[in-house]
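Chemist: Supplied in structure tokens, the structure appears directly below.
The values are calculated or read from the model by the stated rules, or taken from the named source; none is laboratory data. Here the structure is a predicted model, which is why all the values come from computation and not from measurement. Backbone-built Cβ (ideal geometry, glycine too); neighbour counts: all protein chains shown.
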Ligand code: GRF
């Protein structure tokens, strides 16, 4: 079997995407190992999940740092000393500085609850509903210096129903998030991702 990919997962909230990654690792569909779970919020339920599965975890509260760069330096230190190869943002509600991006070039991925480039930023599900789109979905992408603007790895589409609320749409999208995020990480772990400018090609993807 190929070596396991060392990943670090950055969280701020419920951590349902973290859970789907944990589940896929535990049932052997994802050849990865979680070397660090880091939250910027002490009350994130994601940390409870990490503890339950015996994963190494850290809480970094931004109030304890002078500025964003210092916060990012500490993040980098933890991730590097944990030998993390791929940084996985899973509901991490904090902008990263170029200091962080340069420490992990083309090695930071994110999941966004809309079909990018539509509806970047926060409240993506509400923006999609308010706009009146008939389909929305989710996007796994690499991080660059913009907001949700990096090269796209996988997207999945869901219908928007007339009686949807933000919550019902978010739940439908979340189901797809839990499917495609572990899949994208698996492609990365298998060395099947090729990035040419904005375009990401996945070797032998069906
Ligand atoms: C997800 O909707 C994700 O797309 C967005 O933040 C949410 C995180 O949810 N970036 P969870 O903490 O993984 O449950």
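Chemist: Looking at (1) surrounded by fewer than 18 Cβ atoms within 10 Å (Cβ to Cβ); (2) in contact with a helix residue (DSSP H, G or I) (Cβ under 8 Å, 6 or more places away or on another chain), can you tell me which one residue 42 breaks?
Modeler: All conditions pass for residue 42, except number (2).
Chemist: Going by the structure shown, is residue 78 in contact with a helix residue (DSSP H, G or I) (Cβ under 6 Å, 6 or more places away or on another chain) and either outside the structural domain of residue 158 (by TED's automatic domain parsing) or touching a residue at least 60 places away in the same chain (Cβ under 8 Å) (or both)?
Modeler: It is false that residue 78 is in contact with a helix residue (DSSP H, G or I) (Cβ under 6 Å, 6 or more places away or on another chain) and either outside the structural domain of residue 158 (by TED's automatic domain parsing) or touching a residue at least 60 places away in the same chain (Cβ under 8 Å) (or both).
Chemist: Can you find even one residue in the range 106-122 that is surrounded by fewer than 22 Cβ atoms within 10 Å (Cβ to Cβ) and more than 16 Å from the ligand (Cβ to nearest atom)?
Modeler: For the range 106-122, residues surrounded by fewer than 22 Cβ atoms within 10 Å (Cβ to Cβ) and more than 16 Å from the ligand (Cβ to nearest atom): present.
Chemist: Continuing with this model, one more query. Note down all Cβ pairs under 6 Å where the first residue falls in the range 129-155 and is in contact (Cβ under 8 Å) with a residue 12 or more places away in the chain and not assigned by TED's automatic domain parsing to the domain that holds residue 202, the second is in a loop (DSSP other than H, G, I, E, B) and more than 16 Å from the ligand (Cβ to nearest atom), and they're at least six residues apart or on different chains.
Modeler: none
Chemist: For the range 13-54, what are the residues that are in contact with a strand residue (DSSP E or B) (Cβ under 8 Å, 6 or more places away or on another chain), more than 16 Å from the ligand (Cβ to nearest atom) and over 15 Å from residue 92 (Cβ atoms)?
Modeler: The answer is 31, 32, 33, 35.
Chemist: Just checking, how many residues over the range 105-147 are farther than 16 Å from residue 170 by Cβ and part of a strand (DSSP E or B)?
Modeler: Counting residues in the range 105-147 that are farther than 16 Å from residue 170 by Cβ and part of a strand (DSSP E or B) gives 6.
Chemist: If you go through the range 88-97 one residue at a time, do you hit one that is away from the ligand (no atom under 16 Å from the Cβ), in contact (Cβ under 8 Å) with a residue 12 or more places away in the chain and more than 18 Å from residue 140 (Cα to Cα)?
Modeler: Yes, the range 88-97 contains at least one residue that is away from the ligand (no atom under 16 Å from the Cβ), in contact (Cβ under 8 Å) with a residue 12 or more places away in the chain and more than 18 Å from residue 140 (Cα to Cα).
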